[in-house]
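Here is the structure we will look at, set down as structure tokens.
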Amino acid sequence: MRYSPDLRSARIDSDATIADGIARPGWSFPACPFDDPDSMVATVRPSYPVYCLRPHMLTANARRFLDGFPGLVMYAVKCNPHPAVLYHLYEAGIRHFDTASLSEIAAVRENLPEAEAYFMHPVKSRAALLSAAKVYDVRHYVIDHADELAKIDEATGRKDLDILVRLSTPGADVLFELSRKFGAPPDEAVALLRMVHGAGFRTGLAFHVGSQCGDPGAYRTAMDSAAAVIRAADVPIRYLDVGGGFPANYDNHAAPPLEDYFSAIRDRLASMPVGGDCVVMCEPGRALVANAVSLVAQVHLRKGDALYINDGIFHSMNEPASVGIRHPARMIRPDGSGARHMAEFTIYGPTCDSTDVIPHAVTLPADIGEGDWIEFGQMGAYSNAMSTRFNGFHPETFVTVNSPPFRPVREDP
């Protein structure tokens, strides 16, 4: 693949190669790798935001789940659907993908034909169900209401399907609580499991404790509830999906080790009332990708202690605005200079909307100004996936870097 001066992701012919693997036909991949974001900035001096992808971190994160989780690992595509992310996770051994829409199903099945897509959104259109079943041969679905079961039966016309009932779970230490929108209460879940089994489908049970779960014990609590539902339903359970929620580390959210979550799940599996043929699954998203991507944005104006940059809450910075996540940040200046003294800054995004502001102060060298760059870490989850095109701004450039994720350096004593 030829180097492109502006590093915009380029279309690649089916016989093209990239530095770390064979490109898939029609997919977009980052340009040739840099040693680190600093060398990218020194070479390109981009005036647009750039996502720095670390494939080696995707590989390490995938191996940690594949080696530690006691079952099948599905990647939650919604967290970061970039083709390079899907490709590198697949190359690392992830063969199963949690998809929530026909578009996500197509991204997986058309480009990774050996992979399995699971339609895990509890509410689906009939048209999407028809295409998922007939075009893409998707065989796994989730429901939390009897009408959705009837819809799947009528729209697909197939009985060789696996249908999982989503159970609502008690509140937990999470940033996003999901059971207010999805999930059947225990008594309804019992009835739904019996309906799925009675309709001739293979039966499973699923739950989701919530996104960015800070307490491994939440999985024990949810699995205790799931066990009670399974006993009450008294039908064969082919799949048990413990969902996502596995956390990543942020400046203001220190996550317990993933192994604590695996241990909690393994502990409850020992007494779960399911047979030896039950497939246990999980749906990690941010724990697989958060530390594998950072974002480099440029300062376009300084007004006192306010910095105006080319990315913001309508683009990559949705989670700082919506749930207060704080990403580590550091200045990049190609000549290596910069004040040792640190200061706090208000960061404004590029749009003309006055709400486009990171809702917390960001600590950076006191002399940062127009033309400098800021690298924000832990940006792999819900960043490019959430970006809008508001005001004509749309971050879309990916490059590959070989460096580990940075750790922020604060003011020297």
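Here, each number is a calculation from the coordinates, and none is a lab measurement. Predicted model only: the values in this text are computed from it and were never measured. FYI the Cβ positions are ideal-geometry reconstructions off the backbone, even for glycines, and counts take in every protein chain you see.
Structure data summary
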{"read-out": "For the chain, calculated [θ]222 nm from helices alone, where every DSSP H run of n ≥ 4 adds -39500 (n - 2.57)", "value": "-8000 deg cm²/dmol"}
{"read-out": "For peptides 327-340, 310-323, sequence by mean Cβ density within 10 Å, most packed first", "value": "310-323, 327-340"}
{"read-out": "Rule-of-thumb Rg ratio for region 55-289 [Cα; 2.2 N^0.38 Å; N residues]", "value": "0.95"}
{"read-out": "Size of charge dipole - the chain - debye, nearest 20, with Cβ of Lys, Arg +1 and Asp, Glu -1, no other charges", "value": "600 debye"}
{"read-out": "Given the chain, longest segment not containing exposed loop GluC sites (Glu not before Pro) (DSSP; at most 11 other Cβ within 10 Å)", "value": "115-369"}
{"read-out": "Summed side-chain charge close to Arg166 - residues other than Arg166 whose Cβ falls under 12 Å, Lys, Arg +1, Asp, Glu -1", "value": "-4"}
{"read-out": "In Hz, Karplus ³J(HN,Hα) per residue of region 265-279 (6.51, -1.76, 1.60; θ = phi - 60°; x = Gly, Pro)", "value": "5, 4, 4, 6, 4, 4, 10, 5, x, 10, x, x, 8, 6, 8"}
{"read-out": "³J(HN,Hα) computed for each position of region 375-390 - Karplus, 6.51 cos²θ - 1.76 cosθ + 1.60, integer Hz, glycine/proline x", "value": "9, 9, x, 6, 9, x, 9, 6, 10, 4, 5, 9, 5, 9, 10, 4"}
{"read-out": "Estimated vicinal HN-Hα couplings, Hz - region 161-172 in sequence order (Karplus 6.51, -1.76, 1.60; Gly, Pro = x)", "value": "10, 10, 10, 9, 8, 8, 9, 6, 10, x, x, 9"}
{"read-out": "Anisotropy class of region 212-292 from Cα gyration tensor, a/c 1.5 cut", "value": "prolate"}
{"read-out": "Charge dipole (the chain, unit charges on Cβ, about Cα centre) - positive-most of Asn384, Gly243, Val165", "value": "Val165"}
{"read-out": "Residues with amide H under 5 Å from that of Asp162, placed H, sequence gap 5 or more", "value": "His140, Tyr141"}
{"read-out": "Relative contact order [Cα under 8 Å, 6+ residues apart], region 146-216, whole percent", "value": "44 percent"}
{"read-out": "Number of Lys pairs (Cα under 27 Å; 8 or more positions apart or on different chains) in the chain", "value": "12"}
{"read-out": "Simple Cβ-charge dipole of region 55-289, Lys/Arg +1 and Asp/Glu -1, about Cα centre, in debye nearest 20", "value": "340 debye"}
